[in-house]
Amino acid sequence: MASWGLSVQALAQPAMATAINRMGRFRALSQRIAKAYCQLHLSVQAKAAEQVLDAARKLARTGFEDLAKSPLAADMAGPLAEVRKLYEDLEAKLVMPPTRESVGAVAAQADKLLVAANAATVALEKQAKISTGNLVNTAGSQRYLSQRLAKSYFLSAAGLGDKAMRDQMAADKAEFTKNMAALAGAPVNTPTIRSELTMGEQQWVFFNASLEREPDVRGLQAVATSSENLLEVMNNLTVQYETVSK
């Protein structure tokens with residue numbers, strides 16, 4: 001059972017770093033789920049998309065279980081409940097066959113979940129008062145940026161894109177690049193972290209190039225594959241920053 005009554009000062013650093021990681025992961029899961037659902041609609045690597053969707057939903061369930069065991073401060077109960085409610089609403093929409101209309105509905109709900117999960121993650125980072133809290137949050141942000149970019153690419157291919165989405169993609173690319181530079185300069189970086197950063201930069205080159213391709217069969221497949229590869233590296237990086245807090 002969660003110890004809602006503990007003061008922020010009483011929270012253990014490792015527990016808070018893990019909580020930031022788990023809460024932040026919902027941002028990426030929201031976008032990854034919408035991406036995979038749109039992939040199914042577009043018949044892009046359908047079997048892989050189903051596996052991604054299943055894996056993301058399992059991670060969401062374990063995420064809530066982990067957060068329930070975390071010694072969160074009392075005022076985080078509301079934000080966590082909001083994230084859970086928005087996720088459950090997203091889950092409910094996934095039972096619908098992927099049509100243009102249902103894809104739009106899933107994407108809209110995923111964005112609501114992203115906003116709530118991001119607000120909760122930022123709140124946790126501010127409460128944690130640990131030196132690596134910002135690094136865990138920033139590395140975690142790279143996960144959702146990769147997935148939102150891929151989701152936007154697929155939505156555009158499905159005829160659901162607009163100027164606002166194109167502007168968001170440009171902003172996401174700029175933020176991803178800025179975050180990588182910030183992480184590269186972190187004084188806590190270990191040889192393992194530096195190695196992950198190098199791999200992340202390499203995967204970003206591949207992914208960014210795939211986003212510039214026309215959304216034909218090859219372009220869609222390239223984005224599907226490279227977005228997952230980049231996500232894996234960024235998740236490993238986030239875990240490494242969580243680990244240096246312990």
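Of note:
- Nonlocal amide H pairs with THR132, under 5 Å, H built at 1.01 Å: none
- A Gaussian network model of the chain, with springs between Cα atoms under 10 Å, assigns the largest mean-square fluctuation among GLY200, GLY63, GLY78 to GLY78.
- Relative contact order of the range 73-194, defined on C-alpha pairs under 8 angstrom at six or more residues apart (%): 22 percent
- In a DSSP loop and with at most 16 other Cβ atoms within 10 Å, the trypsin sites (Lys or Arg not before Pro) in the range 78-158 are LYS129.
- Under a model in which nothing but the beta-carbon of Lys, Arg (+1) and Asp, Glu (-1) is charged, the chain shows a dipole of about 180 debye around its Cα centre.
- Once the Cβ-Cβ distance of ALA92 and ALA171 is raised to the sixth power relative to R0 = 25 Å, the FRET efficiency obtained is 0.25.
- Accessible area expressed per residue, the chain, with surrounding protein chains retained (probe 1.4 Å, Å²): 44 Å²
- FRET E, pair ASP75, SER131, Förster distance 22 Å, beta-carbon r, rounded to 0.05: 0.45
- Efficiency of FRET between ASN229 and PHE64 - r from beta-carbon atoms, R0 30 angstrom, step 0.05: 0.65
- Among the lysines of the chain, pairs at least eight places apart or on separate chains and with Cα atoms under 18 Å apart come to 21.
- Each stretch of four or more DSSP H residues adds -39500 (n - 2.57); spread over every residue of the chain, this sum gives -28000 deg cm²/dmol at 222 nm.
The values are calculated or read from the model by the stated rules, or taken from the named source; none is laboratory data. Note that the structure is a prediction, hence the values are computed from the model and not measured. When we count neighbours, we look across all protein chains shown, and the Cβ atoms used for this are built from the backbone with ideal geometry, even at glycine. SASA here: full protein model, heavy atoms, side chains in, ligands and nucleic acids out. Shrake-Rupley method; radii C 1.70, N 1.55, O 1.52, S 1.80 Å.
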